[in-house]
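**Q** Encoded as structure tokens, here's the structure I'll be asking about.
The values are calculated or read from the model by the stated rules, or taken from the named source; none is laboratory data. The shown structure was predicted, so the numbers you read here are calculated from the model rather than taken from an experiment. Every residue, glycine as well, gets a Cβ built from its backbone with ideal geometry; the counts of neighbours run over all protein chains shown. Just the protein is used for accessible areas: all its heavy atoms, side chains included, with ligands, DNA and RNA removed. Shrake-Rupley method; radii C 1.70, N 1.55, O 1.52, S 1.80 Å.
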Amino acid sequence: MEVNGIDIAVERKKIKNLHLAVYPPDARVHVSSPDYLDDNDVRSFVISKWDWVEEKRREVLEQARQSERTYVSGENYYHLGNRYRLRVVEKPRCSHAIKKQGDWLIMTVQPETTLEHRAEVLREWQRAELKSLLSDMVSEWSQRMSEENVTWEVKQMHSQWGSCIGKKRHLIFNLELARVPRSCIEYVVAHELVHLRVSNHNKLFETLLSRYLPQWKLRRKELNDFIALPMMDESVCGINEKQ
């Protein structure tokens, strides 16, 4: 679908509400629509929100992004909100590993290790670090919110920082959270735990989240504004509308 010269990706699902989102890095526009609505309904919805679409597209295109990575010494990487410089040390027959040393991330790899393998070494280190942090954080917040039998995992996700499978009491957290400050991760954890009680982002959801994390809107903005983000928080750069 095209609106005002902009391609709009439309995905139809068995959902109740229309959802409009703008995604980085190229400011693509995406609409999730109830499967019973036709193209005219979706087009009218997008046009009614066009000022918002233009504003968000401009923000996305202007937002600073990290350049494409080659995993060589001197590059900058973010971990838990802090910036580190990468130092690559090549050693024959070594075990691939990463460790923090001051403001540096020391990556030890075997000579001629490919870019893809270096990326995987960093990714798996980030996964282990994030899981270690989440282990305590999810436990603490589950107790604080009187939620029991909660399971969770870390996955690479493309458009969400977290998700909740309510019936299974299972939470999923995006691996990219390893880049952002702890306060942002805490917001995502609290956000997804509230979804165990309320599936939608309605008034009750916001009331409950405010009860446990009064400053959640500030945390959400911090997450949305963080320079190293590979995506934007759907709850910030998206619009839901009931039908």
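**Q** Can you pull out every residue in the stretch 14-51 that is of a type in the set (D, E, K, R) and closer than 30 Å to residue 225 by Cα? I'd like the intermediate steps shown before the answer.
**A** Filtering the stretch 14-51 for residues of a type in the set (D, E, K, R) gives 14, 16, 26, 28, 35, 38-39, 41, 43, 49, 51.
Passing the criteria: 16, 26, 28, 43, 49, 51.
**Q** Tell me which of these residue 198 doesn't satisfy, since it passes every other one: (1) under 30 Å from residue 26 (Cβ atoms); (2) in contact with a Leu (Cβ under 8 Å, 6 or more places away or on another chain).
**A** If we test residue 198 against (1) under 30 Å from residue 26 (Cβ atoms); (2) in contact with a Leu (Cβ under 8 Å, 6 or more places away or on another chain), just (1) comes out false.
**Q** Just checking, how many residues over the stretch 60-81 are surrounded by fewer than 14 Cβ atoms within 10 Å (Cβ to Cβ) and either assigned to a loop (DSSP other than H, G, I, E, B) or in contact (Cβ under 8 Å) with a residue 40 or more places away in the chain (or both)?
**A** Result for the stretch 60-81: 8.
**Q** If you take the residues in the stretch 93-142 that are free of Cβ contacts under 8 Å to residues at least 12 places away in the same chain and surrounded by 11 or more Cβ atoms within 10 Å (Cβ to Cβ), which one is farthest from residue 194 (Cα to Cα)?
**A** It comes out as 120.
**Q** Take residue 90 and tell me if it is open to solvent by 60 Å² or more (accessible area, probe 1.4 Å), in contact with a Pro (Cβ under 7 Å, 6 or more places away or on another chain) and at pLDDT 95 or above. Break it down stepwise before answering.
**A** Values: open to solvent by 60 Å² or more (accessible area, probe 1.4 Å): yes; in contact with a Pro (Cβ under 7 Å, 6 or more places away or on another chain): yes; at pLDDT 95 or above: yes.
Against the criterion (open to solvent by 60 Å² or more (accessible area, probe 1.4 Å), in contact with a Pro (Cβ under 7 Å, 6 or more places away or on another chain) and at pLDDT 95 or above), residue 90 qualifies.
**Q** Of all the residues that make up the stretch 41-59, how many are open to solvent by 60 Å² or more (accessible area, probe 1.4 Å) and modelled with pLDDT under 90?
**A** The first filter runs over the stretch 41-59 and keeps only residues open to solvent by 60 Å² or more (accessible area, probe 1.4 Å), leaving 41, 43-44, 47-48, 51, 54-55, 58-59.
Pick out the ones that are also modelled with pLDDT under 90 and you get 55, 58-59.
So the count comes out to 3.
**Q** For the stretch 21-31, what are the residues that are in contact with a His (Cβ under 8 Å, 6 or more places away or on another chain) and modelled with pLDDT of 90 or more?
**A** Once the filter is applied, which keeps residues that are in contact with a His (Cβ under 8 Å, 6 or more places away or on another chain) and modelled with pLDDT of 90 or more, the stretch 21-31 yields only 31.
**Q** Among the residues that make up the stretch 28-37, is at least one of them of a type in the set (S, T, N, Q) and either out of contact with any Lys or Arg (no Cβ under 9 Å at 6 or more places or on another chain) or closer than 23 Å to residue 130 by Cα (or both)? Reasoning before the result, please.
**A** Of all residues in the stretch 28-37, those of a type in the set (S, T, N, Q) come to 32-33.
Then keep just the ones that are either out of contact with any Lys or Arg (no Cβ under 9 Å at 6 or more places or on another chain) or closer than 23 Å to residue 130 by Cα (or both); that gives none.
No, the stretch 28-37 contains no residue that is of a type in the set (S, T, N, Q) and either out of contact with any Lys or Arg (no Cβ under 9 Å at 6 or more places or on another chain) or closer than 23 Å to residue 130 by Cα (or both).
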